[in-house]
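Data block below; observations after.
Every number here is computed from the coordinates shown, using simple stated rules; none is lab data. A quick note: this is a predicted structure, and the numbers were derived from the prediction, not measured. Heads up, the Cβs are rebuilt from the backbone with ideal geometry, glycines too, and the neighbour counts pull from every protein chain shown.
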Amino acid sequence: MSLFILKRLLGFAVTLLVAAAVIFYLLDLLPGDSAQFILGINASPEAVAKLRMQLGLEAPAFERFLGWIWGMLHGDFGISYTQSAPVAQLIAERLWVTLPLAVFAMIISMLVGLPLGILAARMRGRAPDTGIMLLAQMGIAIPNFWFGMLLALLFAVSLRWLPPGGFTPWNEDGWKALRGLVLPSLALALPQASILARVMRTALVDVQGQDFIRTARAKGMTMGEAVWRHGVRNALLPVLTVLGLQFAFLVAGTIIVENVFYLPGLGRLIFTAISERDLILVRGAVIVLIVAVTAVMLAVDLLYAVVDPRLRQGGGQ
């Protein structure tokens, strides 16, 4: 088990290093001069040259990359020129919106998608199965930002049950902050719950035909007991894979949903930084998102070994 964990941690570190290099050099290859863009077309050459020196743009790319990595390892993400504040501070403030939003959406998608997938598998070929799969197909097809606007029209404008947008800081009023995340969480969760329902149904249908289910039935278990005690656990491997991938989609989806609901999250910060060409802020914010997504994928890998102990044998080979 120790070798299995060590290999996963090494893969985690290598993935982050490669992702950081890709982010840095892709942004570095963008056309145009960042200093000129920030100061405007009417800025003097002297002012542009001074800003380029302040931003460290005169140094070779590899040297700047190593300096960026070394700074992040010590908690220094640099200073945002457009915001006049440390990047780490800006990211930390916005994470208190984005991470709860993604976590709430993930919880909702699991609470809705997994039971519906199990029910559809148990009722395979009957009306509930057909209805659930039809709803799941619709949920996948509906864009989350459009669904979010419909939710706002219904629950905020018509019924006035929830706020249409904006966000109250957690330290000011936790209940208002929570209510402000309900609609965007539902908007993000809809397509993910639909995917989970379909994956869970397919995996469970495949499992129900396995020998161990027939053996459990032969020992006197009902089909429902056999599926619940043995089938669901064995069907979780593909579901865990999808859950890990879904977190990445949820984090990416916050960029759009946060702008729809005017949430001051990390997605909206990235959108603003890109529009203002604040590359220092963009790099820092994106690498934090990659760390979060990669950490979730690492957790999923470790959960594989819990669900299926065979994966631990030989260090996960």
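Here are some notes:
- A Gaussian network model of the chain, with springs between Cα atoms under 10 Å, assigns the largest mean-square fluctuation among Pro115, Pro184, Pro45 to Pro45.
- For the stretch 50-96 and the stretch 133-201, distance of Cα centres in Å: 34
- Ellipsoid semi-axes for the stretch 236-279, based on the Cα gyration tensor and the rule √(5λ), read 28, 12, 6 Å when sorted largest first.
- Given the alternatives [x] 21.3; [y] 15.9; [z] 31.7, mean projected area of the Cα convex hull in nm² as computed for this entry is given by [x].
- Phi-derived couplings, Karplus 6.51 cos²θ - 1.76 cosθ + 1.60 at θ = phi - 60°, listed residue by residue for the stretch 170-176: 4, 6, 8, 7, x, 5, 5 Hz, with x used for Gly and Pro.
- Take the Cα of Thr15, go 7 Å toward its beta carbon, and none of the backbone nitrogen atoms of the stretch 94-122 fall under 12 Å from that spot.
- Amide H to amide H, with H built 1.01 Å from N, Arg124 comes under 5 Å of no residue 5 or more places away or on another chain.
- In this structure the amide hydrogen of Phe77, modeled in the peptide plane, comes within under 5 Å of the amide hydrogens of Val87, Ala88, none closer than 5 places in sequence on its chain.
- The rule of thumb for compact globular proteins, 2.2 N^0.38 Å, goes into the C-alpha radius of gyration of the stretch 1-140 1.67 times.
- Computed from backbone phi, the HN-Hα couplings of the stretch 231-241 come to x, 4, 4, 6, 8, 6, 4, x, 5, 4, 4 Hz, rounded to whole numbers (Karplus: 6.51 cos²θ - 1.76 cosθ + 1.60, θ = phi - 60°; Gly and Pro given as x).
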